[in-house]
Amino acid sequence: MATETRELTCINCPLGCQLTVTLVDGEVTSVAGNTCKRGDTYGRKEVTNPTRIVTTTVPVEGSATERMVSVKTASDVPKGKMFEVVAALKGVTAQAPVAIGDVILANVAGTGVDIIATRNV
Amino acid sequence: MSKELERHAIVVVGGGPAGLAAAIGAYEAGERDILVLERDTQLGGILNQCIHNGFGLHTFKEELTGPEYAARYIARADELGVERRLGTMVMDISDDRVVTAVSSEAGITRIQAGAVILAMGCRERPRGALATPGYRPAGIYSAGTAQRLVNIEGQLPGRNVVILGSGDIGLIMARRMTFEGAHVQCVAEIMPYSGGLKRNIVQCLDDFGIPLLLSHTVTRIEGRQRVEAVWIAEVDERMRPIAGTEVRYPCDTLLLSVGLLPENELSREAGVELSPVTRGPVVNESLETSIPGVFACGNVLHVHDLVDYVSEEAATAGASAARFVQGAVDADDAQRIPIVATDGVRYTVPSTVSVERMPEALTVRFRVGNVYRDHYVSVYLGDDRIQHRKKRVMAPGEMEQVTLKRAELLAHPDIASITVKLEEE
Amino acid sequence: MFDVIVIGAGVSGCSIARELARYDASVCVVEREEDVCCGTSKANSAIVHAGFDAQPESLMAMLNVEGNRLMYEWAQELNFAVINNGSLVVCMSEADVDGLEMLRRRGEANGVPDLRIIDRAELVAMEPNIADEAVGALWAPTGGIVDPFGLTVALAENAAANGVEFRFNAPVSKVTREGDTWAVTAGEETLYAKAVVNAAGVYADFIHNQVAAPDDQLTIIPRKGEYYLLDTTAGNHVNHTIFMLPTPMGKGVLVSPTVHGNLIVGPTATDIEDKEAVDTTPEGLHDVATKSSLTVKNVPLREVITTFAGLRAHQAKHDFVIGEVEGAPCFFDCAAIESPGLTSAPAIGVMVSGIVAEELDLAKKPEGVFDPTRRGVPNLMELSFDEWDELCQKDPAYGHIICRCCRVSEAQIVDVIHRVPTPRSLDAIKRRTGATMGRCQGGFCTPKIMEILERELGMRPDEVTKRGPGSELVVGINKDQIEAPVSASEGGEA
């Protein structure tokens, strides 16, 4: 039986509780240091399946005014995949016109998540 | 040569989040003759370069990026047919509300406004304002300038970065530059706490192993042509560098995120009374400045932490301006009760209240001057404490608010002042 | 082969070149930096001194007073900013009043007109913020303030318009005599001339010592001066240029409005060895801050928008070194041009060009060939809205504001870019238009000016610099050093 503890800062409010999450064989057994329920939920998710929205830009061609169009992952991707997501966008160029929500790159880095535009160009 | 004076009921100076929400607020309050003047070639203001997510949680109950948040308001303004002039910069506002603007299309135009809404936003404190000793090489950017270069121009300002100041834009840029291939060595913050959101410290620094050095500052800049290194020292409780703690960080770029200042040059020249604390206009419950018919909202009024509050505040300013031009309010003969900010509360917006003119519930926003744990936010009407709410933590980086109810003020006639303060118990 | 090579495109070199352009002669100015006005000329107090400071009979005294007179005259034909606001030397104790009298007599001996000692009451009426300790002052109505960038650029543009050539990024490494001519190695190339003028600022000793006899070596000591520049909100804190009468306790700093509407406070005076050390120091800045309050009350230092340091070309004898170097025919020094060098520049130009012309037996160009006028750059701050509107009708780019703080439009920036010498950097644009000089210090306009430079001069973004090679503003493009995945992910490009 492998017991592990992880220290992290809760991001839900300015309080920034220092959470201590205990895992046994990869399963969360307790969250300590939190002040509210949101801290508990955050702690469990952050140590077992941390995810992030990744935002960046890609060059856009065919626009008279814009050189870049901002993009994001359509939903959360695993935190450990962030750099792969960005790297997959190297060399990707969008063609104007672009509308918010347009898919710029499907299934980025094998995450099953699309990269979509966040700006109308 | 003088062209004819144009006339509009409401002129909104600035088409960023505040200006857009103000225009929409004025429209929804029944005013149709609204003109938004925007210096950029598009609406949306600074949100266009804030490509990160986290906007709109309060307003739309979802996490949007800056451009997406702006697009919702632009779409609404389009739908309502709010008139706007882009590439148009306001150069002067007179105390009788003549707005002078310049653009390539029209040259100089003068507009007589029934009411003016100031929504010019804020700007960053530059390096020069810090008087940091050393050279003045290329490679020193305010975080917002770097953000524009990276997000709008696609240009990388540097590869090896140190950030001074832990304001949110600085934190956001730590992650942005990392994603674009730069190495961010550390963020130095002169205060013992960060002015940024916890979320940003975790997701923009911790996620990437970028250290946050609290109570540290840059004491020297090396490099004659381009930044070659900065020296960072620990500071004492009076924020003076401690001898012997200096460490040299070789780098090619120094980003600064050391504070935002409301951009009130126009307001000052118009004669609007400014608060030395917020550096924004002093306003009453209608968000009206010392000049009747001139209203202010958003970061030009006081620097906000969340854009959602900017939109909310701006909608109020828009509605107030609409009531003003519709003649719904009499000349300024209302009895004004001052709101006193004290004991840890640095300021309040608004800073005066008229019971006759206030809505049933009035939001009063403020910031605290230090990190306070387990303190109470108290509101006194005269000597009578009517609110006493415990907060686990309050920090200068986050805006706080209380709500004043008209009914309660009516129940306290003849009070000389309202006080908002922090109490330990 | 040129008739004359001028080494150094500071204010002295440009003034000499402009005055040489009156003659039928080929003139080339060589400059180590990427633009004019990059050394001592760009970082100083920007004062038009009246001329009471220098020792009577000295070159300094003569050229200062003459330069002061010419400065106001030249501002008319060359269209640079100068304001005759007058100077005050403030006396801080009754015991030192004799010092004021001594200064007045010295000034009169130098030919400074209209000097007058005023009492405290008159002083307070002129300067409400003067320190409580001030007992009186010397009033010098001919004192003024000038835009040192504007002056130097105007001289260079007018010189170029009249046929003078400029070579930038061309540091002079060697000057040798080859028969009857001088060979000047400047950067990659060697240029030849009948005469050489050494106006190399803090490096004038290096140039001089290559041609002078061993017993005639020159030593220029860089004397660092550090300054605070305050926002235009503080620009009216004083009306005149306020100097402190030195006391046995030391010398104060000056407090003065600038032609751009800011307030300048400084300088310190520290002799250093490094001729490139234009860095500010904790001690220097502290010194300025402390001394600012000696003569003027409540100087609002919190309104600081930048601090900077400049180097004066100091020489032990403390007088200008002008003239032909012994044993080096047709090699002329214009060295040790420290304060009041900026004020003296017009007179230095006239004097040195005269010496060179006489030595080379140059003839004046025929009447009407030399054009002494130079078109200014419109200052939108000074125009009425109607006048500004007229400009917009002629060129809509006057309606596109690039620098908000200093009210500089796209039209002015494009205008200066297409002049000679051509500005190619952010600082070069700053010197000509004032853009980036305001309270946000280029925060908003830097990316926009970069775009205009790229468009007008066909530069790549990473070729645009702050002040020449090595000071690039951006280093690459997004993701340029990120490795793309080896196998393209699904949905990506094949």
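Coordinate-derived values only; no laboratory data. Values in this document were obtained by computation on a predicted structure and should not be read as measured data. Note that each Cβ is placed from the backbone with ideal geometry, even for glycine, and that neighbours are counted across all protein chains shown.
Sequence-ordered 3J(HN,Hα) estimates for segment A:99-109 from the Karplus curve with 6.51, -1.76 and 1.60 and θ = phi - 60° stand at 10, 3, x, 4, 7, 9, 8, 7, 6, 5, 6 Hz, glycine and proline given as x.
Note on chain B: with a GNM built from Cα contacts shorter than 10 Å, the maximum mean-square fluctuation among B:Ser104, B:Ser311, B:Ser286 falls on B:Ser104.
The mean sequence distance of close C-alpha pairs (under 8 Å, at least 6 residues apart), as a share of the length of segment A:55-117, puts its relative contact order at 37 percent. Using Cα pairs under 8 angstrom and six or more residues apart, how large is the relative contact order of chain B, in percent? So the answer I get is 16 percent.
Between 0 and 90 degrees, the angle of helix B:17-28 with respect to the longest Cα principal axis of chain B falls at about 20 degrees. Would you work out if segment B:121-213 is rounded, prolate or oblate? Take a ≥ b ≥ c from the square roots of the eigenvalues of the alpha-carbon gyration tensor; rounded if a/c is under 1.5, else prolate when a/b is larger than b/c, oblate otherwise. It comes out rounded by the Cα gyration axes.
For the protein assembly as shown, the spherically averaged projection of the C-alpha convex hull amounts to 47.9 nm².
Sorted fewest first by neighbouring Cβ atoms within 10 angstrom, B:Lys390, C:Lys291 come out as B:Lys390, C:Lys291. Dipole size of the protein assembly as shown about its Cα centre, with +1 on Lys/Arg Cβ and -1 on Asp/Glu Cβ: approximately 1800 debye, rounded to the nearest 20.
Projecting the Cα atoms of A:Ile11, A:Thr29, A:Thr48 onto the dipole axis of segment A:3-49, where Lys and Arg carry +1 and Asp and Glu carry -1 at the beta carbon, places A:Ile11 farthest toward the positive end. Derived value for segment C:60-117: Kirkwood hydrodynamic radius 13.2 Å. Basis is the mean of 1/r over every pair of different alpha-carbon atoms.
Please tell me the relative contact order of chain C in percent, rounded to the nearest whole number, where contacts are Cα pairs under 8 Å and at least six residues apart. Kindly include the intermediate steps, with their values, before the conclusion.
Values: 1095 pairs, mean separation 94.9, N = 494.
Relative CO of chain C lands at 19 percent.
Applying the Karplus relation 6.51 cos²θ - 1.76 cosθ + 1.60 with θ = phi - 60° to segment B:144-157 yields 3J(HN,Hα) values of x, 5, 4, 4, 5, 4, 6, 7, 9, 8, x, 9, 9, x Hz, where x marks Gly and Pro.
I need the shape label for segment B:257-332. Rule: rounded when a/c is under 1.5, else prolate if a/b > b/c, else oblate, with a, b, c from the alpha carbon gyration tensor. In terms of gyration-tensor shape, oblate. The simple spin-label model puts a point 7 Å past each Cα toward its Cβ; for C:Glu326 and C:Gln481 those points are separated by 5.7 nm. Normalised by residue count, segment C:209-299 yields a Cα convex hull volume of 155 Å³ per residue. Amide H contacts of A:Arg52: A:Val77, A:Lys79, each under 5 Å away and 5 or more positions distant or on a separate chain (H built 1.01 Å from N in the peptide plane; Pro and chain starts excluded). Membrane-span-like helices in chain C, defined purely by DSSP H runs whose alpha carbon atoms cover 15 Å or more axially and whose average Kyte-Doolittle hydropathy reaches -1.0, are C:59-78, C:97-110, C:148-161, C:282-295, C:341-360, C:446-457. With all pairs of different C-alpha atoms in the average, the Kirkwood value for the hydrodynamic radius of segment A:3-49 is 10.3 Å.
Counting only Cβ charges, +1 for Lys and Arg and -1 for Asp and Glu, the dipole size of segment A:55-117 around its Cα centre is about 200 debye.
Looking only at Cα atoms, what is the convex hull volume of chain C per residue, in Å³? Let's see the in-between values first.
Values: hull volume 96.5 nm³, N = 494.
Taking the convex hull of the Cα positions in chain C, it is 195 Å³ per residue.
Between C:Glu276 and C:Glu387, what is the label-point separation in nm under the 7 Å Cα-to-beta-carbon projection? Going from the C:Glu387 label point to the C:Glu276 one covers 4.3 nm. Of all lysines in the structure, those lying under 30 Å Cα to Cα from B:Lys405, and not within fewer than 8 positions of it along the same chain, are B:Lys61, B:Lys390, B:Lys391, B:Lys421. Say R0 is 30 Å: what FRET efficiency, to the nearest 0.05, do C:Asp216 and C:Tyr192 get from their beta-carbon distance? The pair C:Asp216/C:Tyr192 has a calculated efficiency of 0.80.
Multiplying each eigenvalue of the alpha-carbon gyration tensor of chain A by 5 and taking the square root yields semi-axes of 38, 16, 10 Å, largest first, rounded to whole angstroms.
Residues of segment C:231-266 falling in the label zone of C:Ala95, defined by backbone nitrogen less than 19 Å from a point 7 Å along Cα to beta-carbon, are C:244-252. With a Förster radius of 25 Å applied to the beta-carbon distance between B:Leu410 and B:Arg76, the computed FRET efficiency rounds to 0.10. Axis of helix B:66-80 versus longest Cα principal axis of chain B: the two differ by about 20°, to the nearest ten degrees. Determine the percent antiparallel among the DSSP beta bridges restricted to the protein assembly as shown, to the nearest 5. Roughly 70 percent of the beta bridges in the protein assembly as shown run antiparallel, per DSSP. Which of the three applies to segment B:304-387, rounded, prolate or oblate, going by the alpha-carbon gyration tensor with a ≥ b ≥ c and a/c under 1.5 meaning rounded? Verdict is oblate for segment B:304-387.
Label separation (A:Glu61 vs C:Ala125): 7.5 nm, computed from points 7 Å beyond Cα along the C-beta direction. Against chain B, whose longest principal axis comes from its Cα atoms, helix B:307-325 is set at around 30 degrees.
R0 = 22 Å: FRET efficiency of C:Lys394 with C:Val414, Cβ-based, nearest 0.05? According to the calculation, E is roughly 0.95.
When A:Ser70, B:Ser94 are sorted by how many other C-beta atoms sit within 10 angstrom of their C-beta, beginning with the fewest, the order is B:Ser94, A:Ser70. Each residue of segment B:248-255 was assigned a 3J(HN,Hα) from its phi angle through the Karplus curve 6.51 cos²θ - 1.76 cosθ + 1.60 (θ = phi - 60°); the sequence is 8, 10, x, 6, 10, 8, 10, 9 Hz, with glycine and proline shown as x.
Annotation: lysines with alpha-carbon distance below 29 angstrom to C:Lys224 (same-chain offsets under eight excluded): C:Lys42, C:Lys174, C:Lys251, C:Lys275, C:Lys291, C:Lys297, C:Lys317, C:Lys430, C:Lys466.
Considering only C:Asn169, C:His49, B:Ala106, the residue lying farthest towards the positive end of the dipole of the protein assembly as shown is B:Ala106, judged by Cα position with unit charges set on Cβ.
Against the empirical 2.2 N^0.38 Å (N residues), chain B has a Cα radius of gyration ratio of 1.03. Within segment C:153-171, what residues put their amide N at less than 12 Å from the label point 7 Å along the Cα-to-Cβ vector of C:Val369? Flagged as within label range: C:163.
Let me have the 222 nm mean residue ellipticity of chain B computed from DSSP H runs of 4+ only, each contributing -39500 (n - 2.57), with the sum over all residues rounded to the nearest 500.
Working: 8 runs with 79 residues, N = 425.
So the helix-based figure for chain B works out to -5500 deg cm²/dmol.
Partners of A:Lys90 within straight-line reach, counting lysines whose Cα lies under 27 Å from its Cα and excluding those fewer than 8 residues away in the same chain: A:Lys72, A:Lys79, A:Lys81, C:Lys448, C:Lys479.
About the centre of its Cα atoms, segment C:380-463 shows a dipole size close to 380 debye [charges on the beta carbon of Lys, Arg (+1) and Asp, Glu (-1) only; nearest 20 debye].
Ranking C:Thr152, C:Ala140, C:Ala121 by Cα position along the charge dipole of segment C:101-181, where only Lys, Arg, Asp and Glu carry charges on their C-beta atoms, puts C:Thr152 farthest toward the positive end. Listed from fewest to most Cβ neighbours within 10 Å, the set B:Met120, C:Met249 follows the order C:Met249, B:Met120. In this structure the amide hydrogen of C:Phe331, modeled in the peptide plane, comes within under 5 Å of the amide hydrogens of C:Val196, C:Val325, none closer than 5 places in sequence on its chain.
Between the amide H of C:Glu472 and those of C:Lys466, distances stay under 5 Å, these residues lying 5 or more places away or on another chain, with hydrogens modeled in the peptide plane. If you wrap segment A:54-121 in the convex hull of its Cα atoms and look at it from every side, the mean projected area works out to 3.8 nm².
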